[in-house]
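One structure is given here, and the rest of the page talks about it.
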Amino acid sequence: MSESRLQDEERLRRRRVQQPPPELEQEHALSSKYESLNYEVSENQLYREEEAKPSHHVKLWRRSRNRWIVCFFIGIFTALVAALIDIMLHYSQEIKFGFIIKNLLSNCDKETELTGDGCMWKVVTAWICYNCLLVGIAGCLVIFWAPIAGGSGIPQIKCFLNGIQIPEVVKLKTLVSKAIGVACAVGGGLSAGKEGPMIHSGAVVGAGISQGRCQSLHFDTGLFKEFRNDRERRDFVSAGAAAGVAAAFGAPIGGVLFSLEEGASFWNQNLTWRMFFSAMISAFTVNSILSWFNGRSGWLSWTGLANFGVFENKNYNIWEIPLFLAIGVIGGLTGALFNHLNSRLTEFRKKYVSNKWQRLLECLLVAAISAFAGFITIFLVDDCQPVGVNPNVTEVNQMWCKKGEYSAVAKLFFQNPEESVKALFHSPINSFRPWTLLIFSMEYYMLTMWTFALPVPAGVFIPAILTGAAWGRLFGIGVGRAFPTITGIDPGKYALAGAAAQLGGIVRMTISLTAIIMEATKVFYSDMDGLEGIDRAGRVRLSDFFDEDVQQDKSVDSLRLSPLDEQCWMDLEPFIHPHPHRVPLNASLPFIFQLFRGLGLRFLAVVNDDNKLRGIITRKDVARFRERRSNRKYQVQELYIAEDRTN
C-alpha cells in the first residue's frame, strides 16, 4: 500500500475521531449533561455477611411489609392529586361557562331584542381573554419556575425508569406546577388532556412517599429509610405511574400494562402485584371522591378523570371487521404524520422560539387562536340541530341558533373534551353533519399538533381520542350511507375505533392502550373487534418513511459502506487513564472520604496487595456509612459533566 494512501487513511481516521457526524451528535450520542442512576446492588463482602445473619429474614419481611404500605399510600395520594386537578378544572369552567359566557349571552339576547344589534364580539373577547389568562398561568409555572413540568412528562419518567438522572423530575415543585398547570391549560381551552400529566404526577408521588421525606420543605419523617436508594425508588416510581393511569382512566389493569410496556426497566412478580394493588387503590379512591363531589356519594359511578360512558350497542357484523382494520390503517398513517410534523415544529421552536418571553407569547397566541377557531367555525358551518335530537345541551351550546335548537359545533368546541368525546360516542345518528365532523377533526388535529410540546403541562391522550372519534364517526356515517339497506350501523362504534386508532398511531402503544380503552369504555375485546384497529395503527405507520430509528432495524448487508469505511478504526489509547485512582483494601475511611471530596469522583477502584482489582467503592456508600455511624446528615450532590471537554 502506497505511503500517500496510508496518510489519507490516517487523516480520515483522525477526522472521524475528532468530528463525529452531525446526525450522531444530535440524535445518537450520549449527552454529558446527565448522570446515570445506580440501580445495581453492590454485592460485596459486607453485603454477603449481612445476608448470612439470622436476623436478615426478619429485615426482609419488614421491608416487604413496608413496600405494600408505601404502595397503598401511593394509590391514595395519587388519587387525591387527580381529584384536586378535576375539581380545579370544574370550578374554572364553571366560571367560564356558567358565569362569564352565560351572562354575556343573556345580555346579548336582551340587547338584540332592544336595539337589533348583536354583541357577540363581547363574548368572543371575554372567551379569548379568559383562556389566555389561564394558559398564561400555566406557561409561567413551566417557563419561569419548573421547566421539567412541561408536556405530559411521560418521556422524562421513561428516562428515569431506564436509569437517567434528570434534575427535579420527581420534585415537589414539579408536582405542584404539574397539577395547577394542567388544570389551567385544559381550562384555558388548549387542545390538551390532563390524563398524560397524571402519569408524571403519580410518579412524583411514588418517589416522594417512598423516601419518607421532602427535601424541598426540609421535612423528614424518619420513615422508610431502607428505601432511600435509586433501586427501591425506581420500583415505587413504576407503581406511581401505574396509579396515575388508573386515576386518569379508571383502568388499573391498563396502568400496570402501561408501566410494563412503556416504562419499567425492571420487572418481577412481586412488583407486578404491588403495582396492581396501588393502581386499584388509586382507581377506587378517585372514584369515591369524584362520586361524592358530583352528588352521588357511595355510587362509585365516576371511574376516573376521563368518563366516556357505557356503550349500549356492542354488536357488530363480520363484514365490519375489514372496515375496522381500515380505520386502524388510517389512524396509523395520520398518527405518524402527526409525529413527523410535530418533530419539525419542535426543531423550528429550538431555532426561533428560544427566549422565555417568546415561548410565553407563543402559549398566549395558541390559546387565542384555539379560542377563536371555535367561534369562526360556528360562522362557517351552519349545523343547528333540534334540541330533541340531543337533549343534554346548555345555553352555551345554543349560541347563534334559534330557540329549540343547539349548535353541533359548539357542542364539540365549548365544553370539556371528555364531554365532547362522550357526545361523539353516544349521540344519536343524526346529531352531527358530515361537514361538521370533517372540519372539526382537521382543525383539532392541527391545534393538537401545535399545542403539543408547548411549555405547559399537557397530554395528548384526550386530544388524540377526540380527533379520532370525530373522523371515526364520519367514517361510520359514510358506511351507513354506502349501505343504506343494512340496519344496525352505529356511528358511535366507528367513533370508538377511530379514537383508539388515532391514539395508537400517535403514542404507538398497543397492549396497554387496548386495555385502557376497554376499561375506560367498558367494552371488552370479545364484545367489539373494532379495537383491532389499535393493532393496525401500531403496525402500519407512515413514520417508517420518516424516522431514522427505523433504519437501525435493517440488516448490516443493507448498509452502504465503502471499503475504507469497513477498515475504519478508532484508537482509544488517548482516552485511557494511565494511572487510575485506586485505594487498597485496608484504606481508612477518612482517607477514602477525603479522596472523594478532593477528586469529585463517583467510584474508586479497590485493589489488593498485588494491585489486582477486587471491587469498587462508591461515593454514596461512603456518605451513607458516615451518616449512620456518626448519626449525621450528609447531602450527596451530583456533579454534572461539562459539555466542553477541550479545556
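Each value in this text was obtained by applying a stated rule to the coordinates, not by laboratory testing. Fair warning: this is a prediction, and the values are worked out from it, not measured in the lab. Neighbour counts run over all protein chains shown; Cβ positions are idealised from the backbone, glycine included.
Amide H to amide H under 5 Å from SER152: which residues, 5+ apart in sequence or cross-chain, H placed 1.01 Å off N in plane?
ALA458
Compute the length gained on full extension between GLN594 and ASN317: take 0.36 nm times their separation in residues and subtract their Cα-Cα distance, giving the result in nm to one decimal.
On the way: separation 277, 0.36 × 277 = 99.72 nm, distance 7.50 nm.
Taking GLN594 through ASN317 to full extension adds about 92.2 nm, to one decimal.
Any chance you could run the full-extension gain for PHE483 through ILE376? It's 0.36 nm times the residue separation minus the Cα-Cα distance, nm to one decimal. All intermediate terms of the calculation are to be shown ahead of the outcome.
Values: separation 107, 0.36 × 107 = 38.52 nm, distance 3.38 nm.
Computed gain between PHE483 and ILE376 is 35.1 nm.
Greater than 20 Å separation of Cα atoms is the criterion. Which listed pairs, LYS158/LYS194; LYS422/LYS522; LYS171/LYS351, meet it? Spell out each step's value before the answer.
Details: LYS158/LYS194 18 Å; LYS422/LYS522 13 Å; LYS171/LYS351 29 Å.
LYS171/LYS351, as the Cα separations exceed 20 Å there.
If you filter region 276-333 for chymotrypsin sites (Phe, Trp or Tyr not before Pro), then keep DSSP loop positions with at most 16 other Cβ within 10 Å, what is left?
Numbers: sites: PHE276, PHE277, PHE284, TRP292, PHE293, TRP299, TRP302, PHE308, PHE311, TYR316, TRP319, PHE324; in loops: TRP299, TRP302, PHE308, PHE311, TYR316.
Passing both the DSSP loop test and the Cβ count: TRP299.
As I understand it, the dipole of region 47-102 uses +1 on the Cβ of Lys and Arg and -1 on the Cβ of Asp and Glu, about the Cα centre. Which of VAL58, TRP68, VAL81 lies farthest toward its positive end?
Of VAL58, TRP68, VAL81, it is VAL58.
Sorted by packing (mean other beta-carbon atoms within 10 Å per residue), highest first, where do 431-437, 57-63 land?
Working: 431-437: 19.7, 57-63: 11.1.
For the peptides 431-437, 57-63, the packing ranking is 431-437, 57-63.
For a Förster distance of 41 Å, can you work out the FRET efficiency between the beta-carbons of HIS56 and LEU438, rounded to the nearest 0.05?
Numbers: r = 67 Å, r/R0 = 1.62.
The calculated FRET efficiency here is 0.05.
What shape does region 577-630 take by its C-alpha gyration tensor, where a ≥ b ≥ c are the square roots of the eigenvalues and a/c under 1.5 counts as rounded, a/b above b/c as prolate, and the rest as oblate? Before the final figure, lay out each step's value.
Numbers: a/c = 2.16, a/b = 1.53, b/c = 1.42.
Taking the square roots of the gyration eigenvalues as a ≥ b ≥ c, region 577-630 is prolate.
Antiparallel versus total DSSP beta bridges in region 577-630: what percent is that, nearest 5? Write down the numbers at each step before the final one.
On the way: 5 of 8 bridges.
Around 60 percent antiparallel, to the nearest 5.
Amide H neighbours of SER36 under 5 Å, at least 5 residues apart or on other chains, H built in the peptide plane: list them.
Under 5 Å from the amide H of SER36: GLN165.
Could you tell me which trypsin sites (Lys or Arg not before Pro) in region 399-500 are loop residues by DSSP with no more than 16 other beta carbons within 10 angstrom of their beta carbon? Spell out each step's value before the answer.
On the way: sites: LYS402, LYS403, LYS411, LYS422, ARG473, ARG481, LYS493; in loops: LYS402, LYS403.
Passing sites in region 399-500 are LYS402, LYS403.
If you look at just the Cα atoms of region 62-293, how large are its Rg and its Dmax in Å?
When restricted to the Cα atoms of region 62-293, Rg and Dmax are 20.6, 77 Å.
Which of the trypsin sites (Lys or Arg not before Pro) found in region 145-228 are loop residues per DSSP with 13 or fewer other Cβ atoms within 10 Å of their Cβ? Show your work: numbers first, answer last.
Details: sites: LYS158, LYS171, LYS173, LYS178, LYS194, ARG213, LYS225, ARG228; in loops: LYS171, LYS194, ARG228.
Within region 145-228, the qualifying trypsin sites (Lys or Arg not before Pro) (loop, at most 13 other Cβ atoms within 10 Å) are ARG228.
As a footprinting exposure proxy, order VAL256, VAL124 by other Cβ within 10 Å, with the fewest listed first.
On the way: VAL256 30, VAL124 16.
So the ranking, lowest neighbour count to highest, is VAL124, VAL256.
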